[in-house]
1. If you put +1 on each Lys and Arg Cβ and -1 on each Asp and Glu Cβ, how big is the dipole of the chain around its Cα centre, in Debye rounded to 20?
2. Compute the orientation-averaged projected area for region 78-138 from the convex hull of its Cα atoms and round it to one decimal in nm².
3. Using only Cα atoms and rounding to the nearest 10 degrees, what angle (0 to 90) does helix 62-82 make with the longest principal axis of the chain?
4. Over the chain, with a single point scatterer placed on each C-alpha, what log10 of the ratio I(q)/I(0) does the Debye formula yield at q = 0.09, 0.12, 0.14 1/Å?
5. Once you've got the Cα coordinates, tell me which of Lys105/Lys134; Lys32/Lys93; Lys93/Lys134; Lys51/Lys117; Lys32/Lys105; Lys49/Lys117 are over 25 Å apart.
6. Kindly express, to the nearest 10 degrees and within the range 0 to 90, the angle between helix 29-44's C-alpha long axis and the longest C-alpha principal axis of the chain.
7. Only sites in a loop by DSSP and with at most 13 other Cβ atoms within 10 Å count here; which GluC sites (Glu not before Pro) in region 55-121 make the cut?
8. State in Å² the accessible area per residue of the chain; use a 1.4 Å probe, count heavy atoms of protein chains only, and round to the nearest integer.
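The values are calculated or read from the model by the stated rules, or taken from the named source; none is laboratory data. Just so it is clear, the structure is predicted and the values come from calculations on it, not from any experiment. Note that we place each Cβ from the backbone using ideal geometry, even for glycine, and neighbour counts take in every protein chain shown. The protein model used for the area step is the full one, side chains on, heavy atoms only, and it has no ligands, DNA or RNA in it. Shrake-Rupley method; radii C 1.70, N 1.55, O 1.52, S 1.80 Å.
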Amino acid sequence: NGVIFVQDPKQEMTVRNIYFDFGRYSLSAESKEVLNAVSQQLKDNPGLKLKLLGHTDAVGSPQANIQLATSRARSARNYLINKGIRADRMFIKVFGEAAPVAENKTDDGEDLPENRKWNRRVVLALIDDQGEVKTDDAVSGK
């Protein structure tokens, strides 16, 4: 029943996730730590921009999930704005429940709350002027 997530070490610095409690868009202490690191990367690399991709699990209506995913992405963006990152360096795209990384339910319809928690996220991707995700080497100056 479990899902195993393997983090790609090549994207450890340039693509990160922050996670949310069910039905919430407030930032946890862990999320703020990730956002602080992203803020510093953006300050250190003024040519980079940030894509914020908002997601939810599949509980609730698709319309409500789009609104919740939008609120989650805006919370992250607003936190970064308060850290001194200009709004024009950040772009929000919202998926709601449409792009899960884990199954929300089994084929029999049984709820999988341990999986659903991974879908309640905002993906943070550092990008260049062409919208391409940067590699860690480009960000770290290697």
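1. 780 debye
2. It is 6.3 nm².
3. 30 degrees
4. After summing over all Cα pairs, the log10 values are -0.28, -0.48, -0.65.
5. Beyond 25 Å between Cα atoms: Lys105/Lys134; Lys32/Lys105; Lys49/Lys117.
6. Long axis of 29-44 versus the principal axis of the chain: about 30 degrees.
7. Answer by residue number: Glu110.
8. The answer is 59 Å² per residue.
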